[in-house]
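The values are calculated or read from the model by the stated rules, or taken from the named source; none is laboratory data. Because the structure is a prediction, the values reported are computed rather than measured. In this analysis, Cβ positions are derived from the backbone assuming ideal geometry, glycine residues included, and neighbour counts consider all displayed protein chains.
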Amino acid sequence: MKPRLLQHVAIPPLLATEFNTRYDAHPLWKEADPAAFLARHGHEFTGYVTSARFGVDDATLAAMPNLKVISSFGVGTETLPLEAAQARGIAVGYTPDVLNDCVADTAFGLVMDVARRFSASDRFVRARRWLQGAYPLATRVSGKQLGILGLGRIGQVVARRASGFDMEVRYHNRRPNPAVPYTYESSIESLARWADFLVVVSAGGPETRHLVTASVLRALGPQGFLINVSRGSVIDEDALIQALEEGTIAGAGLDVYADEPRIPERLLALDQVVLLPHLASATNETRQAMAELVVDNLDAFYATGKLRASVPLPA
């Protein structure tokens, strides 16, 4: 018999036919009352397909007593029940590496946009304000200092992008990485004080909540720019808005927010901010590769009991 899977996210059309030939998958989003459906049928499922955005909540996990594997679309793990999965022997897979390039491209695109004010100048042209005078000068990117908060897989790709613009790179992690050639800063404040651009690429979750505080923003200073392609929770959003309104920092490029898709009106009103709708990995090529790894994780688990890309479980 085909393994029975519960889906919280859809499989892209290019994979759907092949996926459905191997698995008996049920789309949870089609249920008018998911909790009632799980109460009746939760015991039937051994696999669960979700995403970093939705994860798996405690009630869903408890309703699937025979669950053996979770395959998640994305690299964020803060919404996944890692400790509970470990306690029950449930394998948890995710999709690292295949999205590194597109997320790094987005980060560097935000660096370029917020400094050179491309989006803002586009609005200037479309409003026919050019007829009244030239657009104000912007900030150069080449040769500047780029600080990276979270020099993991994606952060290292951002650093490589920076080399093409002759930028010096420093970083801060919980601990130094001896395998990289970049200078380590012992605190976020010291990194921000040094940097012209502070790019946030750290993981989300309780441990990194509000790592970027008002004091970090003051250290970044009125000529500094903040870029966030990680999770909205990593930045104290109220402190960021206040810093932008008061000119404590020069600007920000954001792909993620504290309560997305609900963006504060005060943030929407600021012209020195570039706002993206959480699209860092949103290209056809990358989303296809992520979906393929979601399915590959399932195929590997049901064939061998091991995942191709397994989330590191708590120590």
Return the total of residues in segment 237-294 being basic (Lys, Arg) and in a helix (DSSP H, G or I).
-> 2
Look at segment 79-89 and say how many of its residues are free of Cβ contacts under 8 Å to residues at least 40 places away in the same chain and not in a loop (DSSP other than H, G, I, E, B).
-> 3
Residue check: is Ala120 closer than 15 Å to Gly251 by Cα, touching a helix residue (DSSP H, G or I) at 6+ places or on another chain (Cβ under 6 Å) and of a type outside the set (S, T, N, Q)?
-> no
Options Val56, Val92, Val98, Val75: the member that is outside any loop (DSSP other than H, G, I, E, B), within 24 Å of the chain's Cα centre (by Cα) and not basic (Lys, Arg) = Val92
Can you tell me how many residues in segment 154-204 are touching a residue at least 60 places away in the same chain (Cβ under 8 Å), over 21 Å from Ala115 (Cα atoms) and not aliphatic (A, V, I, L, M)?
-> 1
Please state which one of Gly42, Gly76, Gly55 is outside the structural domain of Val158 (by TED's automatic domain parsing), under 22 Å from Thr283 (Cβ atoms), among the small types (Gly, Ala, Ser) and touching a residue at least 12 places away in the same chain (Cβ under 8 Å).
-> Gly76
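The rows are residues; the columns are (1) crowded, with 18+ Cβ neighbours inside 10 Å; (2) among the polar types (S, T, N, Q); (3) within 24 Å of Pro206 (Cβ to Cβ); (4) touching a Gly at 6+ places or on another chain (Cβ under 7 Å).
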{"residue": "Trp29", "(1), (2), (3), (4)": "no, no, no, no"}
{"residue": "Phe54", "(1), (2), (3), (4)": "no, no, yes, no"}
{"residue": "Ala63", "(1), (2), (3), (4)": "yes, no, no, yes"}
{"residue": "Asn66", "(1), (2), (3), (4)": "no, yes, no, no"}
{"residue": "Pro81", "(1), (2), (3), (4)": "yes, no, yes, no"}
{"residue": "Gly93", "(1), (2), (3), (4)": "yes, no, yes, no"}
